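S.K.: Shown below is the structure under consideration.
The values are calculated or read from the model by the stated rules, or taken from the named source; none is laboratory data. Here the structure is a predicted model, which means the values were calculated and not measured. All Cβ positions, glycine included, derive from the backbone under ideal geometry; neighbour counts span all protein chains shown. Ligands, DNA and RNA are excluded from the accessible area calculation, which covers all protein heavy atoms including side chains. Shrake-Rupley method; radii C 1.70, N 1.55, O 1.52, S 1.80 Å.
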Amino acid sequence: MNAQAGAKPGDVESSYAWLRLVAALAISTIGGVGMWSTMVALPALQAEFGVTRADASLPFTMVMFGFAGGGVLMGRLADRFGIAVPLGVGTLGLSAGYLATGWSSNLWQVALAHLLIGVGCSASFGPLMADISHWFLRRRGIAVAIAASGNYVAGTIWPPVVQHFISTAGWRATHIGIGLFCLVAMLPLLLALRRRIEDHHDEAGAEAARRQAEAPFSPLTLQVLLCIAGVACCVAMAMPQVHIVAYCGDLGYGVARGAELLSMMLGFGIISRIGSGFIADRIGGVPTLLLGSLLQGTALFLYLWFDGLISLYVISALFGLFQGGIVPSYAIIVREYFSPREAGTRLGLVLMATLLGMALGGWMSGLIFDLTGSYRAAFLNGLGWNLVNVSIMVWLLQRSRRRLAFA
């Protein structure tokens, strides 16, 4: 059997498919360090180079740009060559970025190295979700959700580990160590992902073509709408995730409490992603995303009315529980309406939109706070963007059902 193209339709939801999912989760958890280490290293970078907090945040911005653009590039590579190729390239890029950071002599070199980190890290998220969706049918939702959870598991595990080594060994040695660890830990895992499932693509492609023919919108229209929805939902999502620490500081609870709330969001986000997978397997991607967006809006609304410490703990837990399944739902929708041969690229474009939404939402919420002196207007702004996402999903759902009613 050819290792690259020998998988058969019978491998779908087989024991190998589940083994592949475990390997994908491990790779996503390890590679996800690129999304979280920069936040922990920010104070050390600021002190090392004697720059402002805004300048010290530049590496994080570069990670976001690299992750957004890299997701499309890596997705295209996955569509053409299989997931092992972009994961191999991404692992080398991730490792090289961390090694270059440890050897950098100024902040600009660190920032450029983090652009490489973002590109490398992108291979371990969107392309992995798209790939694992090919190996499951009845349980596709839960499989994609588990693969997507690696990003949040990384957010739970890596920050304290990175902080420990920065405080004991310094930020340079820590980054070099992360680079070497990613190289040694991720490359062997790629062996479990070398097989492809091209034979199944013909059957799945025919099903996707049937869905497109029945859909009351063109593939281009759907792609654009999903990208707009991705921006909108993540502008809303960014308000609590990016600013909850500062918000707690402003309320007098201290930044440590804010960090606990952020960690709680991510922890409950893991539960949300797994749960949304079960739901998507039963009702489909669009209804699941609509449900998550409605619940996310509910949590944002609660932030407007309650700011006590206990209330914030409860609402933040609810927010994490509600929003964690939104992004994986896009992967389910892409697989429901587009050809499997385009899944990596299509999903990469949507995830790029969600990352741009996170960047825009974080900046916009800060700007609104600077203009108003309060986060209340920023929460209202998040609700408005969330309504855009809800409206798009309601429209897609209604048009789809209307077409089926007249079919």
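S.K.: Name every residue in the stretch 43-68 that is part of a helix (DSSP H, G or I), open to solvent by 70 Å² or more (accessible area, probe 1.4 Å) and more than 17 Å from Cys121 (Cα to Cα), in order of residue number.
M.R.: Pro43, Ala47, Glu48, Arg53, Ala54, Asp55
Yes/no matrix, rows are residues, columns are (1) at pLDDT 90 or above; (2) over 30 Å from Ala331 (Cα atoms); (3) of a type outside the set (D, E, K, R):
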| position | (1), (2), (3) |
| --- | --- |
| Trp103 | yes, yes, yes |
| Ala130 | no, no, yes |
| Leu137 | no, no, yes |
| Trp158 | no, no, yes |
| Ile166 | no, yes, yes |
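S.K.: So if I check each of Leu77, Leu87, Leu107, Leu116, which one is more than 20 Å from the chain's Cα centre (by Cα) and farther than 19 Å from Gly357 by Cα?
M.R.: The match here is Leu107.
S.K.: Does Val235 satisfy being crowded, with 22+ Cβ neighbours inside 10 Å, in a helix (DSSP H, G or I) and modelled with pLDDT of 80 or more?
M.R.: Answer is yes for this residue.
S.K.: Oh, and also: Between Arg376, Arg346, which is at pLDDT 85 or above and under 29 Å from Arg282 (Cα atoms)? Walk me through it before giving the result.
M.R.: Details: Arg376 fails: under 29 Å from Arg282 (Cα atoms).
That would be Arg346, the only listed residue that is at pLDDT 85 or above and under 29 Å from Arg282 (Cα atoms).
S.K.: Something else: Scan the stretch 116-126 and tell me whether some residue there is in contact (Cβ under 8 Å) with a residue 60 or more places away in the chain, open to solvent by 10 Å² or more (accessible area, probe 1.4 Å), assigned to a helix (DSSP H, G or I) and touching a helix residue (DSSP H, G or I) at 6+ places or on another chain (Cβ under 6 Å).
M.R.: No, the stretch 116-126 has no match at all.
S.K.: Another question, then. What is the residue count in the stretch 127-145 for residues that are part of a helix (DSSP H, G or I) and either surrounded by fewer than 24 Cβ atoms within 10 Å (Cβ to Cβ) or acidic (Asp, Glu) (or both)?
M.R.: Final tally of qualifying residues: 3.
S.K.: More than 28 Å from Gly284 (Cβ to Cβ) and out of contact with any Gly (no Cβ under 7 Å at 6 or more places or on another chain), is that true of Trp135? So that I can check it myself, show each step before the final result.
M.R.: Numbers: more than 28 Å from Gly284 (Cβ to Cβ): no; out of contact with any Gly (no Cβ under 7 Å at 6 or more places or on another chain): yes.
No, not satisfied.
S.K.: Applying the selection to the stretch 218-251, what residues are among the hydroxyl-bearing types (Ser, Thr, Tyr) and without any contact (Cβ under 8 Å) to a residue 40 or more places away in the chain?
M.R.: Scanning the stretch 218-251 gives Ser218, Thr221.
S.K.: So which of Val85, Val40 is surrounded by fewer than 23 Cβ atoms within 10 Å (Cβ to Cβ), modelled with pLDDT of 90 or more and part of a helix (DSSP H, G or I)?
M.R.: Working: Val40 fails: modelled with pLDDT of 90 or more.
None of the other options fit; the residue is Val85.
S.K.: Further question: Quickly run through the stretch 154-181 and pick out the residues that are buried (at least 21 other Cβ atoms within 10 Å of the Cβ) and either β-branched (Val, Ile, Thr) or not in a helix (DSSP H, G or I) (or both).
M.R.: Val162, Thr174, Ile178
S.K.: Please give the helices (runs of 4 or more DSSP H) falling wholly within the stretch 259-364 in which 2 or more residues are within 20 Å of Leu397 (Cα to Cα) and open to solvent by 50 Å² or more (accessible area, probe 1.4 Å).
M.R.: Helices (runs of 4 or more DSSP H) meeting the threshold: 285-305.
S.K.: For the condition farther than 25 Å from Cys227 by Cβ and either modelled with pLDDT under 90 or under 21 Å from the mean Cα position of the chain (by Cα) (or both), what is the one hit in Ser124, Ser95?
M.R.: Step by step, each of Ser124, Ser95 is checked, and only Ser95 is farther than 25 Å from Cys227 by Cβ and either modelled with pLDDT under 90 or under 21 Å from the mean Cα position of the chain (by Cα) (or both).
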